1. Given the criterion of a type in the set (Val, Ile, Thr) and either under 30 Å from Cys10 (Cα atoms) or in contact with a strand residue (DSSP E or B) (Cβ under 7 Å, 6 or more places away or on another chain) (or both), identify the matching residue among Thr71, Thr44.
2. Considering only region 35-77, state which residues are in a helix (DSSP H, G or I), exposed (fewer than 10 other Cβ atoms within 10 Å of the Cβ) and more than 15 Å from the chain's Cα centre (by Cα).
3. Would you mention how many residues in region 31-46 are among the small types (Gly, Ala, Ser) and modelled with pLDDT under 75?
4. May I ask you to say which residue of Gly28, Gly95 is more than 27 Å from the chain's Cα centre (by Cα), at positive phi and modelled with pLDDT under 80?
5. Filtering region 8-22 down to residues that are in contact with a strand residue (DSSP E or B) (Cβ under 6 Å, 6 or more places away or on another chain) and within 22 Å of Asn40 (Cα to Cα), which residue is modelled with the lowest pLDDT?
Amino acid sequence: MKIQSKCWNCSEWSYNTGKIEERCIHCGELLNKSHFENRNKALTNQLIDKQNSWLVIREEDGRFIRLLKKTGIIVQFIFVSFASFVIWLITILTG
């Protein structure tokens, strides 16, 4: 479905199909510049969060740190498994 959008740069009307990377047919600028910037910021923040995560095992981590991180991952898995089992058990017993 095509929608007409007014370009913020040249103030001409262009057809917009809803894609974030949609460009004006007159000047070539992005029609949804704020959406494009917001998406780029979100992707950058996701990358930074992933790099700063304490459970991510990196190559520069020492042997002891790797052991601690692997242990943390295993403990987290066991906790989530146990919590899921308890929720499942409560659901089965009440229904």
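The values are calculated or read from the model by the stated rules, or taken from the named source; none is laboratory data. The structure displayed is predicted, hence computed values, not measured ones. Cβ placement follows ideal geometry from the backbone for every residue including glycine, while neighbour counts extend to all protein chains displayed.
1. The unique qualifying residue is Thr44.
2. Correct list: Arg63, Phe64.
3. Narrowing region 31-46 to residues among the small types (Gly, Ala, Ser): 34, 42.
When the remaining residues are screened for being modelled with pLDDT under 75, the result is 34.
Qualifying residue count, region 31-46: 1.
4. Only one candidate passes the filter, namely Gly28.
5. Going through the qualifying residues, I end up with Asn16.
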